[in-house]
Amino acid sequence: MASNDVDIAIVTIREDEFRAVLNRFPNGTPEVVDGRFYSVSETMDLDGRPYRVAISRCKEQGNSDSQFLTSRILRDLNPAYLLVVGIGGGVPSVEYSLGDVVVSTRVNDFRVGAVDAKGQVTYSQRGGAVKADAAALATFLPAIEHLLGDWNSEESIKLAVPPVPLDDDTKFYGDNHWIDSLKKALKRRFGSTTVNRPRFTDGPIDSSDFVIKDTETLARWQTSSRDAKAIDMEAAGVYAAVHDASSSCPFLVIRGLSDVVGYKRDPDWTAYACETAAAFTAAFVKTGMLPRHERAAPPAASPVPDRLALKNDLGRMIRQLFGTLVFTLNPPAEIMPADTSPQGERAEALLRWAESDGGPGFAAIRELYEKIVRPNPR
């Protein structure tokens, strides 16, 4: 694999995280670089431009292995961008909660500390902000939320929102104040019968080599990282690898919250958070906002990009407008999936009919699309 073939490298850790990401970037080709395996695939952004994506997985949890894998990726693949995708723990808050996605603006490294004679632990906080352009993109995400589409729908995530039994005291741990505050935060989000779609937010991520199920440890960390939103075991290693290599490659950590400190992790929420992180990542890549390597233009024009661009345009039409387009074209009923099917599948079926012998051709569909979407061109 030529080093400049990879635009985006994705690091995962657990098997469930790896599978969730692979499902969002299907038909990957296994490729080996110096003994390290990658699943390499091509995905199109919303404008039909390709990204070449390489997905890999750490052999073990923890910052040491994430640092090693990141170093290898930077050396062997020279990606234009690096994403770390998977689950993480959440810091209790009324603004975000279980299943939500946190995108890093900085990494707080709590791997180094000291224990005094009385057993008190102090930490030497390291790490720092992600690269300026990566932080700028993370904080700009609300402005491009419309480009993310229905990433947080049940259809996209492939799982229903798990329950949160607020009256089950065995699910909670910590002192009374911590538990009361956490219950209030969870009740605000999950206390009604309304289904809450997961959200995304940006902020710092605390990282260490321990699974934090101790409210006192988090409370100590909060004395120096009060605005941290998530906790993981790999971000510090990735941060160190990027900075040790003096790499210009920007990176972001994307964590689906599988638990909140003070609330015991549930397997259903673990599975759900894997999917929310992967679904958000796929939608994020498709926005086209991430940089890519420059490549030579193809030697000859091809109708394939036009088809892909048209398919993408149809797939992100407002559903009612897409229905108007289908009604006007009046394709044979038997070739179209049901109205409840994903719009991307219906768009693909419509294009297959258009390019068949009895179909109207792409130009007719493009012309009708423009009339519906932009009815009063200047």
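The values are calculated or read from the model by the stated rules, or taken from the named source; none is laboratory data. Bear in mind the structure is a predicted one, so any value in this text is a computation, not a measurement. Here the Cβ is made from the backbone with ideal geometry for all residues, glycine too, and neighbour counts use every protein chain on show.
I want to confirm something. Restricting to region 2-38 and keeping residues that are free of Cβ contacts under 8 Å to residues at least 24 places away in the same chain and more than 17 Å from the chain's Cα centre (by Cα), which single residue is surrounded by the most Cβ atoms within 10 Å (Cβ to Cβ)? This residue is Phe37.
When region 122-141 is filtered for residues that are of a type in the set (A, V, I, L, M, F, W, C) and farther than 14 Å from Leu83 by Cβ, the ones remaining, listed by number, are Ala129, Ala132, Ala135, Ala136, Phe140. If you go through region 292-335 and keep only what is within 17 Å of Tyr51 (Cα to Cα) and either small (Gly, Ala, Ser) or at pLDDT 90 or above (or both), you end up with Arg292, His293, Ala296, Ala297, Ala309.
Restricting to region 141-169, count the residues that are in contact (Cβ under 8 Å) with a residue 60 or more places away in the chain, in a helix (DSSP H, G or I) and either surrounded by fewer than 13 Cβ atoms within 10 Å (Cβ to Cβ) or of a type outside the set (A, V, I, L, M, F, W, C) (or both). Going through region 141-169 one residue at a time, the tally reaches 2. Taken over region 100-140, residues that are at pLDDT 95 or above, aromatic (Phe, Trp, Tyr) and surrounded by 13 or more Cβ atoms within 10 Å (Cβ to Cβ) amount to 0. Output the residues belonging to region 310-348 that are within 24 Å of the chain's Cα centre (by Cα), hydrophobic (A, V, I, L, M, F, W, C) and buried (at least 17 other Cβ atoms within 10 Å of the Cβ). Listed by number, the residues that qualify are Leu314, Met317.
Name every residue in region 7-64 that is closer than 28 Å to Asn312 by Cα and in a helix (DSSP H, G or I), in order of residue number. Answer for region 7-64, where residues must be closer than 28 Å to Asn312 by Cα and in a helix (DSSP H, G or I): Glu17, Phe18, Arg19, Ala20, Val21, Leu22, Asn23, Arg24. The set of residues in region 306-335 being free of Cβ contacts under 8 Å to residues at least 24 places away in the same chain, among the hydrophobic types (A, V, I, L, M, F, W, C) and in a helix (DSSP H, G or I) consists of Phe327, Ala333, Ile335.
The single condition among (1) in contact with a Gly (Cβ under 8 Å, 6 or more places away or on another chain); (2) in contact (Cβ under 8 Å) with a residue 40 or more places away in the chain that Phe190 does not satisfy is (1).
Within the set Glu216, Glu155, the sole residue that is over 21 Å from Asp109 (Cβ atoms), of a type in the set (Asp, Glu) and assigned by TED's automatic domain parsing to the domain that holds Cys274 turns out to be Glu155. What number goes with the only condition from (1) in contact with a Phe, Trp or Tyr (Cβ under 8 Å, 6 or more places away or on another chain); (2) on the phi < 0 side of the Ramachandran plot; (3) in contact (Cβ under 8 Å) with a residue 24 or more places away in the chain that Asp133 does not pass? It is condition (1) that Asp133 fails. How many residues are of a type in the set (Asp, Glu) and touching a Lys or Arg at 6+ places or on another chain (Cβ under 8 Å) if we restrict to region 175-201? Selection size over region 175-201: 0.
Does any residue of region 180-199 turn out to be closer than 30 Å to Arg106 by Cβ, in the same structural domain as Ala278 (by TED's automatic domain parsing) and β-branched (Val, Ile, Thr)? No: region 180-199 contains no residue that is closer than 30 Å to Arg106 by Cβ, in the same structural domain as Ala278 (by TED's automatic domain parsing) and β-branched (Val, Ile, Thr). Test Val84 against the stated conditions and say whether it is in contact (Cβ under 8 Å) with a residue 40 or more places away in the chain, in contact with a helix residue (DSSP H, G or I) (Cβ under 7 Å, 6 or more places away or on another chain) and either part of a strand (DSSP E or B) or under 20 Å from Thr287 (Cβ atoms) (or both). Answer is yes for this residue. Of the strands (runs of 3 or more DSSP E) lying entirely inside region 182-262, those carrying at least 3 residues that are touching a helix residue (DSSP H, G or I) at 6+ places or on another chain (Cβ under 8 Å) are 200-207, 251-260.
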